[in-house]
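Accompanying notes for the structure given below.
The values are calculated or read from the model by the stated rules, or taken from the named source; none is laboratory data. Note that this is a predicted model, so its numbers are computed, not measured. Here the Cβ positions follow ideal geometry from the backbone for every residue, glycine too, while neighbour counts run over all protein chains shown. Just so you know, the surface numbers come from the protein's heavy atoms only, side chains and all, with ligands and any DNA or RNA stripped out. Shrake-Rupley method; radii C 1.70, N 1.55, O 1.52, S 1.80 Å.
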Amino acid sequence: MRLVSLAALVLLAAAAGADDMLEDRGIFQPTFFAELQDVDVDADRAYVWGVGGLAIIQILDPDDPVMIGRYEPPGHPYVRFYRGAVANGYGYGGAREDLLMVIDLSPIGSPIRTAVVGEPGMSYEGCAVADGHLFACRHADGLQILSLADPAAPVEVAAFTGLSNAWDVVVQGGVAYVADGAGGLSIVVVSDPTSPALLANAPTEGAAADVALSGDVAVVAAGSAGLVRFDVSDPATPVPLARDET
C-alpha cells in the first residue's frame, strides 16, 4: 500500500505546483524521534522508521493518531532506520552500516528483533517484499534477494551486483525497479529469484534515490533533477514521460 499511495501523492504534488493541495489532519510527534525517515501504511496502522527506531501508530481515526508500539534498536542513541517494509506481521528495517534488522511485530506493544541480515562493511537502505521474498538494497553491493520461507530469519538466495548504487526498490510482476543512484532507474528481472538479470536501464539525470509505482508509471526521485516519470508498461523499454522540477 505504501508504494501506490506514495506514487499517487507524488503525482498530485507534481501537478499542483506550489500548492500541494493536501489537508492537514491529526499530527503525531514523538519526542524520541530526531528524524522521521520513512513510513509504511498497512490497513489502519502506520509504521514509522527513523532515529529512535520503529514506531507503530494507530491511524484508525486520522484526526487522532496514537502510538501503540515501538521497537528501539540497541546500541548508541543515533542508531536509526532509514527505510523499511512491513509484510505478514514482520518489519524489515534498513539501517545502513547497522545492517538490515528483522522485527516480529506480533507483540504490538513491544516488537522483537529476530535477526540481523548482512555483514560488516555493508550498508542497507530500502527494501520490498514480494512473492515470498525480500528484496534489499545494499548501495554499492547491489540488490540482495532473500527467501522468506521463515519470515523471522531470511535466507539469501541471490545477489545482483550489476548496479551502481542501490537505494530503494519496488517489485511488481516479477520485475524489480531499483532507484540506482547515478545509474538512474535500473530494471531487474526477478521472476526466478535465484537468477536475477538486468532488463533495462533508464537515465534520470540526477541521482535516483527513491522509486514508486502507480499502475504502469514509475516515479523516481532523482535529486537535483526532480521527479522523473517513466512509462513501464513494457519494462524492457522504459519510456520517459516527464520531468518535474522541484
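Would you work out the charge dipole size for the stretch 194-244 about its Cα centre, treating the Cβ of every Lys and Arg as +1 and the Cβ of every Asp and Glu as -1, and quote it to the nearest 20 debye? Kindly include the intermediate steps, with their values, before the conclusion.
Details: 2 positive and 6 negative charges, 15 e Å.
Once rounded to the nearest 20, the dipole reads 80 debye.
Hey, got the dipole for the stretch 44-164? About the Cα centre, +1 on K and R Cβ, -1 on D and E Cβ, debye to the nearest 20? Can you show the working numbers first?
On the way: 7 positive and 14 negative charges, 40 e Å.
Dipole about the Cα centre, nearest 20: 200 debye.
Think of the stretch 95-239 as having a plus end and a minus end, set by charges on the Cβ of Lys, Arg, Asp and Glu; of Val170, Gly206, Ala149, Gly206 sits farthest toward the positive end of this dipole. Close amide H partners of Ala200, meaning residues 5 or more places away or on another chain with modelled amide H under 5 Å apart, are Ile187.
State whether the stretch 85-193 is rounded, prolate or oblate according to the following rule on the C-alpha gyration tensor (a ≥ b ≥ c being the square roots of its eigenvalues): a/c under 1.5 gives rounded; otherwise a/b larger than b/c gives prolate, and the remaining case gives oblate.
Working: a/c = 1.96, a/b = 1.45, b/c = 1.35.
Taking the square roots of the gyration eigenvalues as a ≥ b ≥ c, the stretch 85-193 is prolate.
Test of understanding: in a Gaussian network model of the chain with alpha carbons linked when under 10 Å, which of Leu54, Leu213, Leu148 would top the mean-square fluctuation ranking? Largest GNM mean-square fluctuation: Leu148. In the elastic network of the chain, a GNM with C-alpha springs shorter than 10 Å, the most mobile of Leu100, Leu163, Leu36 is Leu36. Quick check: from the Cα gyration tensor, does the stretch 115-246 come out rounded (a/c under 1.5), prolate or oblate? Note, shape of the stretch 115-246 comes out prolate.
Look at where the Cα atoms of the stretch 32-57 and of the stretch 78-152 average out, and the two centres are 14 Å apart. If you sort Met122, Met21, Met101, Met67 by accessible surface, 1.4 Å probe, largest first, the order is Met21, Met67, Met122, Met101.
Our estimate of slack between Asn88 and Asp131, defined as 0.36 nm per intervening residue step minus the Cα-Cα distance, is 14.3 nm. Taking amide H as placed 1.01 Å from N in the peptide plane, the amide H of Phe28 sits under 5 Å from none that are at least 5 places away or on another chain.
In the complete set of protein chains, residue-level accessible area for Thr31 is approximately 140 Å², probe 1.4 angstrom.
Close amide H partners of Met67, meaning residues 5 or more places away or on another chain with modelled amide H under 5 Å apart, are Gln58.
Where a ≥ b ≥ c are the square roots of the eigenvalues of the C-alpha gyration tensor, would you call the chain rounded, which needs a/c under 1.5, or, failing that, prolate if a/b is larger than b/c, or oblate? It is oblate, given that a/c is not under 1.5 and a/b is not larger than b/c. The apolar share of the surface of the stretch 96-162, taken as the fraction of accessible area on carbon and sulfur atoms (1.4 Å probe, ligands and nucleic acids excluded), comes to 50 percent. Sequence-ordered 3J(HN,Hα) estimates for the stretch 111-116 from the Karplus curve with 6.51, -1.76 and 1.60 and θ = phi - 60° stand at x, 10, 6, 10, 6, 10 Hz, glycine and proline given as x. Projecting the Cα atoms of Val79, Leu227, Tyr47 onto the charge dipole of the chain, computed from C-beta unit charges around the Cα centre, puts Val79 farthest toward the positive end. Each residue of the stretch 82-90 was assigned a 3J(HN,Hα) from its phi angle through the Karplus curve 6.51 cos²θ - 1.76 cosθ + 1.60 (θ = phi - 60°); the sequence is 8, 7, x, 9, 10, 7, 6, x, 10 Hz, with glycine and proline shown as x.
Largest GNM mean-square fluctuation among Asp38, Asp216, Asp234, using the chain with Cα springs under 10 Å: Asp234. Rounded to the nearest whole Hz, the Karplus-based 3J(HN,Hα) values (6.51 cos²θ - 1.76 cosθ + 1.60, θ = phi - 60°) of the stretch 165-177 follow the sequence 6, 6, 9, 8, 8, 10, 10, 8, x, x, 10, 9, 10, with x at glycine and proline.
For the chain, what does -39500 (n - 2.57) per DSSP helix run (n ≥ 4), summed and divided by total residues, give at 222 nm, in deg cm²/dmol to the nearest 500?
On the way: 1 runs with 15 residues, N = 246.
After summing the helix terms and dividing by the residues of the chain, the value is -2000 deg cm²/dmol.
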